[in-house]
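The values are calculated or read from the model by the stated rules, or taken from the named source; none is laboratory data. Keep in mind that what you see is a predicted model, and the values were worked out from it rather than measured. Neighbour counts run over all protein chains shown; Cβ positions are idealised from the backbone, glycine included. What goes into the accessible areas is simple: the full protein's heavy atoms, side chains included, and nothing from ligands, DNA or RNA. Shrake-Rupley method; radii C 1.70, N 1.55, O 1.52, S 1.80 Å.
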Amino acid sequence: ETREFAMAAGRLGGAAVFDLVPKDLWEDEQFVATLVRSVPAALAHAAPSLRENGTFVLAAVVSNAAVLAFAPPSLRFNVNLVKQAASKNASVIMHAEPELWADAEFVLEAFGRGWCSLEKAASCLLDDRDFVLKALQLNGEGLADLKPSFRADRELVKAVIELQPAALKHAVEDL
C-alpha cells in the first residue's frame with residue numbers, strides 16, 4: 001500500500017511530493033527504476049547507491065533519455081556511458097552535456113552513427129576545416145549544417161560529392 005501510494009505521489013512530481021516517499025523506497029532499485037521511466041527528476045532523490053551507480057543509471061537513461069539530466073556530473077560527463085546509452089536509445093544524445101559537444105571524437109562518432117546533426121557540435125569544431133572534412137567523409141549530408149564559407153569551399157565540396165554526390169544540393173548555388 002505504501003509502495004503504490006509512493007509511486008502515485010512520485011508520478012505527480014515536485015520536490016514536496018518526493019519528500020512524501022519513504023526513504024527506504026529511494027533505496028529500492030525496482031521502485032526507483034520504475035519511477036524514473038515516467039518521472040526522470042526522481043533520480044535526483046534516489047539513494048546515492050543507485051544515483052551514482054553507472055549500471056543503474058545507464059539502464060534508467062536507456063529507458064528514458066531525459067534521466068541523463070538528473071544523473072550526477074560524474075555520469076553526465078562520462079563519454080562512454082553516454083555513447084553506450086545512445087547506442088540503445090539515440091535520443092539520449094540530445095541530452096548530452098554541452099562540454100561533450102566540444103569533444104571531436106564524441107561528435108564524430110555521434111554524427112557518423114546518425115545520432116545527431118552537425119549543428120549540435122561546438123562552434124570551435126564547426127570552425128575547424130579538418131574536423132569538418134572528417135565529419136563530411138562520414139556523412140556528406142552534414143554539409144547542410146555548415147556555415148556558407150564551407151559550403152562554398154570548392155575543394156571541400158568536391159571531396160564530399162566524390163563520396164556522396166547527393167550532398168551537392170547543400171553547397172552554395174554559385175559554386
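Points worth noting:
- Computed from Cα positions, the angle between helix 54-63 and the longest principal axis of the chain comes to roughly 70 degrees.
- Shown is the FRET efficiency for L133 and S38, computed with R0 = 41 Å from the Cβ-Cβ distance and rounded to the nearest 0.05: 0.40.
- Using a cut-off of 27 Å between Cα atoms, the listed pairs K88/K134; K88/K169; K134/K169 include K88/K169 as exceeding that distance.
- ³J(HN,Hα) computed for each position of the stretch 144-154 - Karplus, 6.51 cos²θ - 1.76 cosθ + 1.60, integer Hz, glycine/proline x: 4, 8, 9, 5, x, 4, 6, 6, 9, 7, 3
- Shown for the chain: the carbon plus sulfur share of the solvent-accessible area, taken with all protein chains present and a 1.4 angstrom probe, equals 52%.
- Degrees, to the nearest 10: 29-38 long Cα axis against longest axis of the chain: 50 degrees
- Helix-derived mean residue ellipticity, 222 nm - over the chain, DSSP H n ≥ 4, -39500 (n - 2.57), to 500: -13500 deg cm²/dmol
- With 5 Å bins beginning at zero, the pair-distance distribution over Cα atoms of the chain amounts to 1, 9, 16, 15, 13, 10, 9, 7, 7, 5, 4, 2, 1, 0, 0 %.
- Based on Cα contacts under 8 Å between residues 6+ apart, the chain shows a relative contact order of 11 percent.
- Cβ charges +1 (Lys, Arg) and -1 (Asp, Glu), total dipole of the chain, debye: 280 debye
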